[in-house]
1. Using beta carbons and a limit of 8 Å, which pairs, at least six apart or on different chains, have the first residue in region 14-26 and not assigned by the TED database to the domain that holds His104 and the second one surrounded by fewer than 15 Cβ atoms within 10 Å (Cβ to Cβ) and among the aliphatic types (A, V, I, L, M)?
2. Hey, any hits in region 92-101 for a residue that's more than 19 Å from Lys23 (Cβ to Cβ) and assigned by the TED database to the domain that holds Ala14?
3. For region 36-83, what are the residues that are acidic (Asp, Glu) and open to solvent by 20 Å² or more (accessible area, probe 1.4 Å)?
4. Mind checking which residues of region 35-62 are assigned to a loop (DSSP other than H, G, I, E, B), more than 17 Å from the chain's Cα centre (by Cα) and not polar (S, T, N, Q)?
5. Give the residue that is most open to solvent (accessible area, probe 1.4 Å), with candidates limited to residues of region 18-35 that are more than 19 Å from Pro101 (Cβ to Cβ) and of a type in the set (A, V, I, L, M).
6. Since His230 meets every condition but one in (1) of a type outside the set (D, E, K, R); (2) open to solvent by 60 Å² or more (accessible area, probe 1.4 Å); (3) assigned to a helix (DSSP H, G or I); (4) within 30 Å of Ile119 (Cβ to Cβ), which condition does it not meet?
7. Here is a list: Ala114, Ala145, Ala100. Which entry is over 16 Å from the mean Cα position of the chain (by Cα) and under 26 Å from Ser36 (Cα atoms)?
8. Can you tell me which residue among Thr165, Thr135 is touching a residue at least 40 places away in the same chain (Cβ under 8 Å), in contact with a helix residue (DSSP H, G or I) (Cβ under 9 Å, 6 or more places away or on another chain), open to solvent by 30 Å² or more (accessible area, probe 1.4 Å) and within 30 Å of Ala214 (Cβ to Cβ)?
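The values are calculated or read from the model by the stated rules, or taken from the named source; none is laboratory data. If you're wondering where the values come from, they're calculated on a predicted model, not measured in any experiment. Note: ideal-geometry Cβ built from the backbone for every residue, glycine included; neighbour counts use all protein chains shown. Heavy atoms of the whole protein, side chains included, go into the accessibility calculation; ligands, DNA and RNA do not. Shrake-Rupley method; radii C 1.70, N 1.55, O 1.52, S 1.80 Å.
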Amino acid sequence: MNEKQQSLLLESAARFPPPKGVKLSYGTAGFRADASLLESTVFRVGILAALRSLKTGSVIGLMITASHNQVSDNGVKVADPSGGMLTQDWEPFADAIANAPDPHSLLQLIIEFAKKEDIGFEGRQPAEVLLGRDTRPSGEALLDAAKQGITSIVGAIGTDMGVVTTPQLHWMVRARNRGMEASESSYFHQLSSSFRCLMDLKPEGIRKNGDDNALVVDGADGVGGEKLEHFRKMLTGLCIEVRNRGDGMLNEGVGADYVQKEKVAPRGFGPADAGLSGSGVPVWTGMLIG
């Protein structure tokens with residue numbers, strides 16, 4: 001690693017000091033915490049994502065979300081070139097850089113890890129990371145921190161894909177690495193085409209009632225409900241009603257996690273809906289596509 005790269009990392013890291021007394025750990029859901037504690041961590045995960053792109057020679061994803069957590073929380077996780085989760089082999093490095101106490105300690109960890117993984121910083125295809133976020137108010141500022149982490153690696157590019165669901169971002173990463181168009185419209189087109197193919201496999205002559213093609217979804221007042229509103233218009237043979245699609249507080253009295261823990265129906269569902277599932281109308285709660 002040359003002096004220019006080292007100086008850039010030190011200068012960038014100095015703008016994002018880690019919160020004192022906070023220790024974070026990367027797991028299946030990435031890093032999650034109160035959003036006010038995450039700016040430094042998200043910046044450093046941006047660095048990790050750029051390094052992962054250099055290592056694999058592929059596009060990597062970085063998603064800002066805390067899924068079913070309360071709206072004041074947020075999180076960050078990385079998508080590998082296949083569209084899957086970050087390889088577990090890199091999780092200890094994620095923990096180490098997130099908890100490095102100062103810029104010089106961070107730089108030393110990066111130098112040692114790059115040497116161990118044989119990551120070159122010169123003469124390679126520039127790193128590229130696709131970024132996405134959910135609808136949380138803290139998402140925009142954290143995404144900016146991630147971008148600054150990415151661009152602290154010389155030549156690295158961070159492409160903002162906007163407000164998307166986590167599956168959308170993972171699909172976009174996979175699509176880009178397969179030479180396909182990585183856009184929301186392409187994602188919806190593939191899903192709707194696959195659904196039509198599935199429906200075509202339904203045997204003829206099966207008796208059905210009027211509710212067989214109906215689905216009621218609790219959108220949890222998050223990005224999933226918002227995207228499903230667009231996607232449902234592309235489907236044929238299925239009538240979808242989306243409730244809690246952004247008119248309330250994210251995950252407050254809604255969502256799969258709330259229903260599982262509290263053992264009650266989500267907001268927007270009442271006694272009149274009690275027979276929906278029994279009458280053949282499935283009820284989904286949470287982010288169906290998020």
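1. none
2. Narrowing region 92-101 to residues more than 19 Å from Lys23 (Cβ to Cβ): none.
No, because not a single residue in region 92-101 is more than 19 Å from Lys23 (Cβ to Cβ) and assigned by the TED database to the domain that holds Ala14.
3. Here is the first cut: in region 36-83, the ones acidic (Asp, Glu) are 39, 73, 80.
Hits for region 36-83 are Glu39, Asp73.
4. We begin by selecting, within region 35-62, every residue assigned to a loop (DSSP other than H, G, I, E, B); these are 38, 57-58.
Imposing the further condition that a residue be more than 17 Å from the chain's Cα centre (by Cα) reduces the set to 57-58.
Within region 35-62, just Gly57 meets the criteria.
5. Ala29
6. Among (1) of a type outside the set (D, E, K, R); (2) open to solvent by 60 Å² or more (accessible area, probe 1.4 Å); (3) assigned to a helix (DSSP H, G or I); (4) within 30 Å of Ile119 (Cβ to Cβ), the lone unmet condition for His230 is (4).
7. Numbers: Ala114 fails: under 26 Å from Ser36 (Cα atoms); Ala145 fails: over 16 Å from the mean Cα position of the chain (by Cα).
Only one candidate passes the filter, namely Ala100.
8. Details: Thr165 fails: open to solvent by 30 Å² or more (accessible area, probe 1.4 Å).
Among Thr165, Thr135, only Thr135 is touching a residue at least 40 places away in the same chain (Cβ under 8 Å), in contact with a helix residue (DSSP H, G or I) (Cβ under 9 Å, 6 or more places away or on another chain), open to solvent by 30 Å² or more (accessible area, probe 1.4 Å) and within 30 Å of Ala214 (Cβ to Cβ).
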